[in-house]
Amino acid sequence: MPEAAFKFTQGTPKGFTRQDLPNAATREFCPDCGTPILTRSSGLPGAIILKVGSLDDPAAFQGPQIILQTADAQPFHLVPEGVPAFERFPGR
């Protein structure tokens, strides 16, 4: 989603960025329970990857609209038919 359209209304997340990778993404978590909330990536400037499972009603989104990073998928990760999927970020 556009980064400008998102804001935290309560609390401050804890961020983590791997230092051993170039252009590593920053992941933000609830500082109390550790629930993943979002990811910020230099590969998607101006956007955030919001973890839909962190929302009160994830069913409101009716499933995935795009699947990224399938190159890292495990055998148990299912990619629904008809959903655009990319091995890495599109255009890279």
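A few comments on the model shown:
- Gyration tensor (alpha-carbon) shape descriptor, region 3-54, a/c threshold 1.5: oblate
- With the simple spin-label model, which puts each label point 7 Å out from Cα in the Cβ direction, the L21 to E81 separation comes to 3.2 nm.
- Charged-residue dipole, Cβ positions (Lys, Arg, Asp, Glu), the chain about Cα centre, Debye nearest 20: 280 debye
- Carbon-plus-sulfur accessible fraction, the chain (probe radius 1.4 Å, protein heavy atoms only): 54%.
- When each of the peptides 11-22, 30-41 is scored by the mean number of other C-beta atoms lying within 10 Å of its residues, the order from highest to lowest reads 30-41, 11-22.
- Only one item in (i) 13.6; (ii) 5.7; (iii) 7.5 matches mean projected area of the Cα convex hull in nm² derived from the coordinates shown, and that item is (iii).
The values are calculated or read from the model by the stated rules, or taken from the named source; none is laboratory data. Keep in mind it's a predicted model, so treat the numbers as computed, not measured. Glycine gets a Cβ as well: all are built from the backbone with ideal geometry, and neighbour counts include every protein chain shown. For accessibility, only protein heavy atoms count, side chains too; no ligands or nucleic acids. Shrake-Rupley method; radii C 1.70, N 1.55, O 1.52, S 1.80 Å.
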